[in-house]
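Report on one structure; see the data block that follows.
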Amino acid sequence: MGERVVARPNSKFQFSDVCRHTDDSRIISADYRLSFPAHFLFLPSAENATLVIIDALPSVDVISDFRLWENPIRPPPLEPAFVIREVGDKGMGMFATRPIARGEPIICERPTLVLHDRLSVHKDQHHAFYESALAGLSPDAQTAISTLRNAHPETPELSRIRGIIYTNCLAVYFPHDTSRAFSALCGQLCRANHSCAPNAHYSPVVDTFECKLSAMRAIAEGEEITMAYANVAASTAERRECLLERYKFECHCTACDLPEPQATESDRRRTTIGASLGRINDGGVQESVSIARVKDLIKLAEEEGMVEEAWVLSMAGMRYAQRHNDRAEELGMELQKMNFMRMLEGNDADEFGAFAKRKGLSAEELMKIFEVVGREDGACRSK
Ligand SMILES: C[S@@+](CC[C@H](N)C(=O)[O-])C[C@H]1O[C@@H](n2cnc3c(N)ncnc32)[C@H](O)[C@@H]1O
């Protein structure tokens, strides 16, 4: 540890007398009253940081050794796919500026602020703590974060920056330990609004440490680009309650505002899928339901446009077939799983590429198989 930094002239940390330099010039140790000693890692350098990671040593220490930061970020598409603009009560939103094909990456963005999920700062110190973390970022990066929406009323318990984190955070993982979830803020991707029938899917890209939004179905020019913030395998009332509590809005998406009798039918499908997914997560469904039941559930999920849930169900079906030594069903389920993955994360999804390689197929050959399986754009009900 180096010397204590006390209001150095022009220092990024001049308002804070509780930050110290460490042997790594990019890592600042913060002496706040925390559940563990926090550290700020500024990347690519402390002078011109576009990313701050808030964690404890030795984890930040480990992360700082990754060559990952030197990897180029994926180049944006030649023709940008979206614009961010005002959308009434929702605040800002993301809109397609051209037709976007299913599976196409809409945006791939390195986050600007990342913090460990179990970080707990004393409420009296929230403001100073997060301000210290932001103060080390470049002016553009600071603006990107501090101007994000805060849906929560500011209180002594919930500072503005904490409210911004609650409103916007996305899950990310580091390659060295994917069991630890971190929350991330991105200047652009965090402008995507919610829908219970979304047209886009968020996924963290572990290898390059990026946040990715891909088109889950074809998106028309001018259409709003939306993702799901909450579990959509739940009834309208349950979804609305969860969104109101966490994100402070009442959802009026196409799924929430369906007329009767479609609303009741949609609730029935979603709660049926939700109950089965709960059993899968508990490890029970594999023995308690037949492969025929898994197929029925996948059909329900497709009818609701719930691709992620269909993907989880096909994975459960594949495992079930494996345990029963049913090779034909296993391959059928694996193909479905890959196809749902392609719908969620696009043809460049790591899992999709690895599958093609494992089967000794080129991407084109694999696509032909999917055409035979017959799940093109219309397979999931577009909302
Ligand atoms: C991650 S931000 C999304 C971008 C935000 N609209 C903005 O202006 O930056 C989440 C917040 O946006 C608003 N929001 C998102 N989806 C919405 C929806 N479907 N209806 C109304 N408000 C929504 C809520 O205030 C929510 O807490």
Students often check this: by mean Cβ neighbours within 10 Å, which of 259-268, 150-159, 296-305 ranks highest, and how do the rest follow? 296-305, 150-159, 259-268
Would you kindly state how much longer the chain becomes between Lys248 and Glu265 on full extension, computed as 0.36 nm times their sequence separation minus their alpha carbon distance, in nm to one decimal? 3.5 nm
In whole Hz, what ³J(HN,Hα) sequence does the stretch 38-53 give by Karplus (6.51, -1.76, 1.60; θ = phi - 60°), x for Gly and Pro? 8, 9, 10, 9, 9, 10, x, 8, 5, 7, 9, 7, 10, 8, 10, 10
So what are the ³J(HN,Hα) numbers for the stretch 67-76, from phi and the Karplus equation (6.51, -1.76, 1.60; θ = phi - 60°), rounded to whole Hz, Gly and Pro as x? 7, 2, 5, 8, 5, x, 6, 3, x, x
Given points 7 Å out from each Cα along the Cα-Cβ axis, report the Ser146 to Ser45 separation in nanometres with one decimal. 2.4
What pairs in Lys212/Lys337; Lys123/Lys212; Lys337/Lys357; Lys248/Lys337; Lys248/Lys299 have C-alpha atoms more than 27 Å from each other? Lys123/Lys212; Lys248/Lys337; Lys248/Lys299
I need Phe355, Phe82 ordered by Cβ neighbour count within 10 Å, fewest first. Phe355, Phe82
Cα-based Debye curve of the stretch 57-176 sampled at q = 0.10, 0.14 Å⁻¹ gives log₁₀ I(q)/I(0) of -0.43, -0.83
Fewest to most neighbouring Cβ within 10 Å: what's the order for Arg270, Arg327, Arg191? Arg327, Arg191, Arg270
Using θ = phi - 60° and the Karplus curve 6.51 cos²θ - 1.76 cosθ + 1.60, what whole-Hz ³J(HN,Hα) does each residue of the stretch 303-313 get, with Gly and Pro shown as x? 4, 8, x, 9, 5, 4, 5, 4, 5, 5, 5
Net charge contributed by nearby residues that have their C-beta within less than 9 Å of Pro204 (K/R +1, D/E -1): 0
Here the net charge surrounding Phe95, from other residues whose Cβ is less than 11 Å away from its Cβ (Lys, Arg +1; Asp, Glu -1), is -1
Under a 5 Å amide H to amide H cut-off, with H placed in plane at 1.01 Å, what residues pair with Val205 once short-range neighbours are removed? Glu210, Cys211, Lys212
Quote the FRET efficiency, to the nearest 0.05, computed for Asp257 versus Met92 with a Förster distance R0 of 25 Å and r equal to the Cβ-Cβ distance. 0.70
What is the gain in length, in nm to one decimal, between Val206 and Glu223 on full extension, counting 0.36 nm per residue of separation less the C-alpha to C-alpha distance? 3.2 nm
Given a Förster distance of 25 Å, report the FRET efficiency between Arg358 and Lys299 from their Cβ-Cβ distance, rounded to the nearest 0.05. 0.35
For Asn325 and Thr272, extending 7 Å from Cα along the Cα-Cβ vector and measuring point to point gives, in nm, a value of 3.3
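Only the coordinates and a few stated rules stand behind these numbers; no lab work does. Every value quoted in this text rests on a predicted model; they were computed, and no experiment measured them. All Cβ positions, glycine included, derive from the backbone under ideal geometry; neighbour counts span all protein chains shown.
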